[in-house]
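To start, the structure under review is shown below, and the notes come after it.
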Amino acid sequence: MALLDVGVMFVAVAAAGALANRLGQSVIPAYILVGMLLGEYVLGRLALPVIGTAYVPETEFISLGAELGIVFLLFFLGLEFNLDRLLARRGPIGTAGTIDLANFGVGLVLGWLVFGAFLPAFLIAGIVYISSSAVITKSLIDLGWIANDEAEPMLGTLVYEDLFIAVYLSVASALVLGGGDVAAAAVDVGIALGFIAALFAVVRFGTPLFDRLVATDNREFVALRAVAAVVFLAGAALALGVSEAVAAFFVGMAFAPTEQAHTIETILEPVRDLFAAVFFFWIGLVTDPALFADVAALVALAVVVTTPTKVVTGYLAGRAFDLDVRRSTRVGLGMTTRGEFSLIIATVAVTGANAGSFDPALAGTINAFAVGYVLVMAVLGTTLMGYSAPFESIATSWLDRGGADGSGASG
């Protein structure tokens, strides 16, 4: 039955993705929802005629496929980085990213008020802080904004967030697997940060090695060697207690300057999308919708609190890049979208619960919150971007009293 279960999963995500695309929405919420519907918490609770109870179980293939989805998502994110270009624009990126960190602080306060403890508050802070690189980038392309000036502060802030989250994930994983005891987890945190420093050194000085690794005209060998490098190093990181996502991100950065970077992206993009779909499906599969009733108030509070803060910090990020009010408003609206990274953070709690180092009930609550929050914010964020014109006009009339009309914001 395992092969049939996998077949049902792929049929479901293919249909859900097609429907979401037809509706002009991100596929991420669609994959999550179909995973919930076919899992033991929904379909598994129904007695179907003739066949009785039937649902898609969390098989080893689906779990491993989900982990590969995380690895390939972060690997591709790293491929988009050019360290030299990043350093050249470090001034405005640093300013915009530092302003954006206010959202982490807001999340930390929100989590502490709700849970009254540091570790769950720390996880909530990460979930509400990080915007979705995948959804925002796709929206920029779909709306024709990718060549506009507002794209630079959005992508620059995402770069800052992703670098921050690389360190954050390592620290969060060490704390969760250490049972929340900061002193006990200090060694693990040190190992994680040391591993990140080593990976950064590899990125900075190891490009010739990675260039030679994929220096072949055989596309099959390019794909195999790139996959071998990222999966092996991600697995090695996980064995050392370091987030596999972080390792994959840095491996992607190492391949980014190579001559075969574009070829790697072209060949492996379908592989990334395939396993990313498995990851989002798995998120739905392990989420009990019954918990949504318990977290609905928290989700609503988080949406109400963090949407305006993201809009404001995004607007200020646009101003840090010397954009006018209209374009800066677009930046703020676009940055509200949350997605894959919020869910990856939630998996840290689930992993800790499976390892016996984190309270399973608390992990379930945090996971349900992350799923509910992402479902709302992914739809809300893409909608705000698609219907940004009224907000741009309001912001211009309120804030641009110096006479600038924002006419440069084309598209």
Ala183: at pLDDT below 85, on the phi < 0 side of the Ramachandran plot and surrounded by fewer than 20 Cβ atoms within 10 Å (Cβ to Cβ), yes or no? yes
Looking at the stretch 351-368, which of its residues are surrounded by 22 or more Cβ atoms within 10 Å (Cβ to Cβ), assigned to a helix (DSSP H, G or I) and over 15 Å from the mean Cα position of the chain (by Cα)? Gly352, Ala363, Ile366, Ala368
May I ask you to list the residues in the stretch 84-132 that are farther than 30 Å from Ala201 by Cβ and out of contact with any helix residue (DSSP H, G or I) (no Cβ under 9 Å at 6 or more places or on another chain)? Gly116
Which listed residue is within 20 Å of Ala363 (Cβ to Cβ) and either out of contact with any Leu (no Cβ under 6 Å at 6 or more places or on another chain) or surrounded by 24 or more Cβ atoms within 10 Å (Cβ to Cβ) (or both), from Tyr129, Tyr160: Tyr129
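Only one of Val11, Val34 is modelled with pLDDT of 90 or more, among the hydrophobic types (A, V, I, L, M, F, W, C), part of a helix (DSSP H, G or I) and crowded, with 23+ Cβ neighbours inside 10 Å; which?
Within the list Val11, Val34, the selection yields Val34.
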Does Ser173 count as within 29 Å of Val109 (Cα to Cα), at pLDDT 80 or above and either touching a Lys or Arg at 6+ places or on another chain (Cβ under 6 Å) or of a type in the set (Lys, Arg) (or both)? no
Does at least one position in the stretch 296-318 carry a residue that is at pLDDT below 90 and either part of a helix (DSSP H, G or I) or surrounded by 23 or more Cβ atoms within 10 Å (Cβ to Cβ) (or both)? no
Report, by residue number, each residue of the stretch 277-295 that is surrounded by 19 or more Cβ atoms within 10 Å (Cβ to Cβ) and not aliphatic (A, V, I, L, M). Phe279, Phe280, Phe281, Trp282, Gly284, Thr287
For Leu240, the lone unmet condition from (1) at pLDDT below 85; (2) surrounded by 19 or more Cβ atoms within 10 Å (Cβ to Cβ); (3) in contact with a Phe, Trp or Tyr (Cβ under 7 Å, 6 or more places away or on another chain) is (2)
Within the stretch 68-94, can you find the residues that are surrounded by 22 or more Cβ atoms within 10 Å (Cβ to Cβ) and either farther than 14 Å from Glu244 by Cβ or charged (D, E, K, R) (or both)? Phe76, Leu79, Ile93
Residue check, Phe76 within 20 Å of the chain's Cα centre (by Cα), within 29 Å of Thr365 (Cα to Cα), aromatic (Phe, Trp, Tyr) and assigned to a helix (DSSP H, G or I): no
Please give the number of the condition Leu213 fails out of (1) in contact (Cβ under 8 Å) with a residue 12 or more places away in the chain; (2) under 26 Å from the mean Cα position of the chain (by Cα). (2)
Please find, among Arg401, Arg338, Arg327, the residue that is over 17 Å from Thr309 (Cα atoms), out of contact with any strand residue (DSSP E or B) (no Cβ under 7 Å at 6 or more places or on another chain), modelled with pLDDT of 90 or more and among the basic types (Lys, Arg). Arg327
Of the residues in the stretch 235-272, those that are of a type in the set (Asp, Glu), over 20 Å from Ala346 (Cα atoms) and in a helix (DSSP H, G or I) come to Glu265, Glu269
Being of a type outside the set (D, E, K, R) and surrounded by fewer than 19 Cβ atoms within 10 Å (Cβ to Cβ) narrows it down to one residue among Leu233, Leu199, Leu274; which is it? Leu274
Inspect the stretch 49-63 for any residue being hydrophobic (A, V, I, L, M, F, W, C), under 24 Å from Ser132 (Cα atoms) and modelled with pLDDT of 90 or more and give the result as yes or no. yes
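The values are calculated or read from the model by the stated rules, or taken from the named source; none is laboratory data. Not measured: the values here are computed from a predicted model. Backbone-built Cβ (ideal geometry, glycine too); neighbour counts: all protein chains shown.
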